[in-house]
Amino acid sequence: MSSGKQLLLGFLAAAVFVGLAPNGDFRNVGHRIDSFPFTYLSAAIALAVLNCLLRFLRWNYFLKILIIGVPLKLSFLVVFSGLALSITQGQVGELVKAYVLNSVPGSEWLHQSRLS
């Protein structure tokens, strides 16, 4: 996408926000945020981090079984690059993982996309 189109898209998004903002109840939203129990937020963040850690460990376990030698730093980047797109239809994040892994020297044979 060209920078002109991106700029136009940004202006359109800002216009929609400015157009819809007066319809919102900012005081009620602020009150809801103030009264939110932040222990729930910290628990949710801790569980999300644990989920990411477990995915990373599982990914490394699969790589070990398949005898694919990937440096730990690259493995970390592969997992989290795929995680960013894992909620899309068709699990595009899995394809991103396979694409990134395919760039590792010695893994030219790797053509499957469903590793985790």
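The values are calculated or read from the model by the stated rules, or taken from the named source; none is laboratory data. None of these values were measured; they are calculated from a predicted model. All Cβ positions, glycine included, derive from the backbone under ideal geometry; neighbour counts span all protein chains shown.
If ASN28 satisfies all but one of (1) over 30 Å from VAL78 (Cβ atoms); (2) surrounded by 10 or more Cβ atoms within 10 Å (Cβ to Cβ), what's the number of the condition it fails?
Looking at each condition in turn, ASN28 falls short on (2).
Inside segment 61-94, can you point out the residues that are at pLDDT 90 or above and among the polar types (S, T, N, Q)?
none
Tell me which residues, restricted to segment 31-45, are exposed (fewer than 10 other Cβ atoms within 10 Å of the Cβ) and not in a helix (DSSP H, G or I).
Within segment 31-45, PRO37 is the sole residue that qualifies.
ALA15 passes all but one of (1) surrounded by 10 or more Cβ atoms within 10 Å (Cβ to Cβ); (2) assigned by TED's automatic domain parsing to the domain that holds GLU94; which number fails?
(2)
Those residues that are surrounded by 11 or more Cβ atoms within 10 Å (Cβ to Cβ) and either outside the structural domain of ALA98 (by TED's automatic domain parsing) or not in a helix (DSSP H, G or I) (or both), I need them from segment 46-68; list them, please.
Across segment 46-68, the qualifying residues are LEU66, ILE68.
Quick one: is ILE87 outside any helix (DSSP H, G or I), touching a Phe, Trp or Tyr at 6+ places or on another chain (Cβ under 9 Å) and of a type in the set (A, V, I, L, M)?
no
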